[in-house]
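Working notes, beginning with the structure itself.
The values are calculated or read from the model by the stated rules, or taken from the named source; none is laboratory data. What you see is a predicted model, and the numbers here were worked out from it, not measured in a lab. With ideal geometry, Cβ positions are generated from the backbone for all residues, glycine too; neighbour counts draw on all protein chains shown.
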Amino acid sequence: MIERALLSVYDKTGLDQFATGLRDLGVELVASGGTRAVLTEQNLPVTDVSALTATPEMMGGRVKTLHPRIHAGILARRDQPDDIDALEENDIRPFDLVCVNLYPFGDIVARKDTTEEAAVEMVDIGGPAMLRAAAKNFVHVVPICSSEQYDFVLSELQSKGEISVATRRELAAEAFAYTAAYEATIANWFADRESFPDKLIVPLRKVTDLSYGENPHQRGAYYVEAGARRHLLSRVDQLGGKALSFNNLNDLNAARLIIEEFAVPACAIIKHANPCGVAVGGSLIEAYTKALASDPVSAFGGVVAVNRSIDSELAQILSEQFIEVVMAPSFSDDALESLGRRDGLRILANEERRRQIPGERDYRRVMGGMLVQDVDSDLDERDAMEVAAGNAPSETEWGDLLFAWRVAKHVASNAIVLSKDLATIGIGGGQMSRVDAVKIAIAKALEHGHDLKGSVLASDAFFPFADGPAAAFDVGVVAIIQPGGSKRDAEVIEAVEKADARMVLSGRRHFRH
């Protein structure tokens, strides 16, 4: 039976309804600080923790529940005579339910310019201690750590008059996972953000189950990291359409990373986490038209992402194409109505650019472990690049080179991107041979009727031989951007000079495996 509950929550969402439900069942309420104040405002009878401990809160609230009269009441085993005797000798009454959620450390440190002092103040001490104690003693105490648990706990109490051991065990597991993720978030923040600590724990929280994983026989779910918003991909909301799949989310992530490379109107069309068309333009319609023209065959059934609001005119154009997902910062009402008529089309809004979190890492699962690296988020600046062959590119060529270079960073290696007029016209990605990647990019461009004369080429890593550049020059490519660093750079430079072309060395490669 649940006769006495201890409530101490930072997030007061749903607290008044939950506490009212408990009180209606005859449960005595005990609370601390702000929790007690909220319940008092609701005219609920509640006992202050300090009345039990005979000690007022001190040090600005840092010490209030760290007391034997609280923890003995949580940890006492009702089937152990010694524990019961200890309670009686010290005039301590046990708690049957403990409801605690913690200071939002992850949310606070994710904010821009959070000071160390402010972050440290969000390290909860008493909360985790009470919650872990309740979870340890789950056979006798019901541990609750989230407002999302309130309804089903009340429902079980109302229908059965008690909480089953199976439910208690499930709640205990959630409580331990909750405190473990909380401590991991704090530990990672305290660790040197420029290094890789000896112990790295990635706290994740499930947002939703997915219909399946990469393939129908694989299960899948979407989790967020501590500090990230409980939205899809951190700051994305779904406005309409079918539920998103594992592959949709993977493609959307790739699309968003590309789009955020550009400040001018831009469009990226993604299939299998690779771009099949990317362009920028004076307007969003121009950018989309150029991106689609890059490879309209591959764009069929793809993900379209843009970095400007979609109006009714563009929505009408999009609705005439078969696409799985469309993402934009916002949509006009007419655009939403038009796109909403397309059966199953998933419509998503990312209202603001995502700020890169300092020290953010990239994780790759391997057998028995995890590969961890810094996120490849830096933008390579033109001033740091070297014109290694031919005359300096014209400003038009520089624009195409830098555009292609930004796109190449998001294509699976080996990656080759051909561009002209600030649009991709041929992409070759995921190849074991770099010259094969060049040939595929050229074949794609020719297949869709693009004029390669005056185009430029970007390669995500150096050319080990001159055959790749030579194949590009044969079809009209006039400039190349690549990292350089091959033993045969001189051979490649010679091929560029022979073709009366130009080559820029960035000094940095962008493999994506």
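Tabulated data
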| item | result |
| --- | --- |
| Filtered residues of region 106-124 (kept if part of a loop (DSSP other than H, G, I, E, B), free of Cβ contacts under 8 Å to residues at least 12 places away in the same chain and over 17 Å from Asp11 (Cβ atoms)) | Asp113, Thr114, Thr115 |
| When residues of region 294-314 are limited to those that are within 11 Å of Leu284 (Cα to Cα) and of a type in the set (Asp, Glu), the one farthest from the chain's Cα centre (by Cα) | Glu313 |
| Subset of region 500-511 [modelled with pLDDT of 90 or more, among the charged types (D, E, K, R) and in a loop (DSSP other than H, G, I, E, B)] | Asp500 |
| Every residue from region 489-500 that is out of contact with any helix residue (DSSP H, G or I) (no Cβ under 6 Å at 6 or more places or on another chain) and closer than 14 Å to Gly454 by Cα | Asp500 |
| Matching residues in region 403-414 - criterion: being among the aliphatic types (A, V, I, L, M) and either crowded, with 23+ Cβ neighbours inside 10 Å or out of contact with any Lys or Arg (no Cβ under 7 Å at 6 or more places or on another chain) (or both) | Ala404, Val407, Ala408, Val411 |
| Verdict on Lys453 being exposed (fewer than 15 other Cβ atoms within 10 Å of the Cβ), without any contact (Cβ under 8 Å) to a residue 40 or more places away in the chain and within 26 Å of Gly277 (Cβ to Cβ) | yes |
| Filter pass, His410 being more than 31 Å from the chain's Cα centre (by Cα) and within 18 Å of Cys267 (Cβ to Cβ) | no |
| Members of region 6-36 found to be more than 17 Å from Leu102 (Cα to Cα) and not in a strand (DSSP E or B), listed by number | Asp16, Gln17, Phe18, Ala19, Thr20, Gly21, Leu22, Arg23, Asp24, Leu25, Gly26, Val27 |
| Residue in region 109-120 that is among the charged types (D, E, K, R), within 27 Å of Ala19 (Cα to Cα), in the same structural domain as Thr13 (by TED's automatic domain parsing) and modelled with pLDDT under 90 present | no |
| Residue in region 430-437 that is touching a residue at least 24 places away in the same chain (Cβ under 8 Å), out of contact with any strand residue (DSSP E or B) (no Cβ under 9 Å at 6 or more places or on another chain) and small (Gly, Ala, Ser) present | no |
| Residue count for region 134-152, restricted to those that are part of a strand (DSSP E or B) and either over 15 Å from Tyr10 (Cα atoms) or in contact (Cβ under 8 Å) with a residue 60 or more places away in the chain (or both) | 2 |
| Number of positions in region 189-218 that are within 24 Å of Ala175 (Cβ to Cβ) and either of a type in the set (Lys, Arg) or without any contact (Cβ under 8 Å) to a residue 60 or more places away in the chain (or both) | 9 |
| Which numbered condition Phe322 misses (of (1) in contact with a Ser or Thr (Cβ under 9 Å, 6 or more places away or on another chain); (2) free of Cβ contacts under 8 Å to residues at least 24 places away in the same chain; (3) under 25 Å from Ile440 (Cβ atoms)) | (1) |
| Conditions (1) closer than 16 Å to Ala5 by Cα; (2) in contact with a helix residue (DSSP H, G or I) (Cβ under 6 Å, 6 or more places away or on another chain); (3) part of a helix (DSSP H, G or I); (4) hydrophobic (A, V, I, L, M, F, W, C); number of the one not met by Phe176 | (1) |
| Any hit, region 332-353, residues being touching an Asp or Glu at 6+ places or on another chain (Cβ under 7 Å), assigned to a loop (DSSP other than H, G, I, E, B), closer than 29 Å to Asp460 by Cα and at pLDDT below 90 | yes |
| Helices (runs of 4 or more DSSP H) wholly inside region 389-499 containing at least 2 residues that are closer than 25 Å to Asp251 by Cβ and charged (D, E, K, R) | 434-447 |
| Members of region 184-203 that are buried (at least 16 other Cβ atoms within 10 Å of the Cβ) and not small (Gly, Ala, Ser) | Thr185, Ile186, Asn188, Trp189, Pro203 |
| Considering residues of region 107-135 that are in contact with a helix residue (DSSP H, G or I) (Cβ under 8 Å, 6 or more places away or on another chain) and small (Gly, Ala, Ser) only, the residue nearest to Phe176 (Cα to Cα) | Ala135 |
| Some residue of region 91-103 being assigned to a loop (DSSP other than H, G, I, E, B) and over 27 Å from Ala31 (Cα atoms) | no |
| Those residues of region 373-388 which are touching a residue at least 40 places away in the same chain (Cβ under 8 Å) and either of a type in the set (S, T, N, Q) or not in a loop (DSSP other than H, G, I, E, B) (or both), in sequence order | Ala384, Glu386, Val387, Ala388 |
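Matching residues to (1) farther than 14 Å from Leu6 by Cβ; (2) in contact with a Cys (Cβ under 9 Å, 6 or more places away or on another chain); (3) surrounded by fewer than 17 Cβ atoms within 10 Å (Cβ to Cβ); (4) of a type in the set (Gly, Ala, Ser):
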| position | (1), (2), (3), (4) |
| --- | --- |
| Leu75 | no, no, no, no |
| Thr114 | yes, no, yes, no |
| Met122 | yes, no, no, no |
| Arg132 | no, no, no, no |
| His140 | no, no, no, no |
| Leu157 | yes, no, no, no |
| Arg168 | yes, no, no, no |
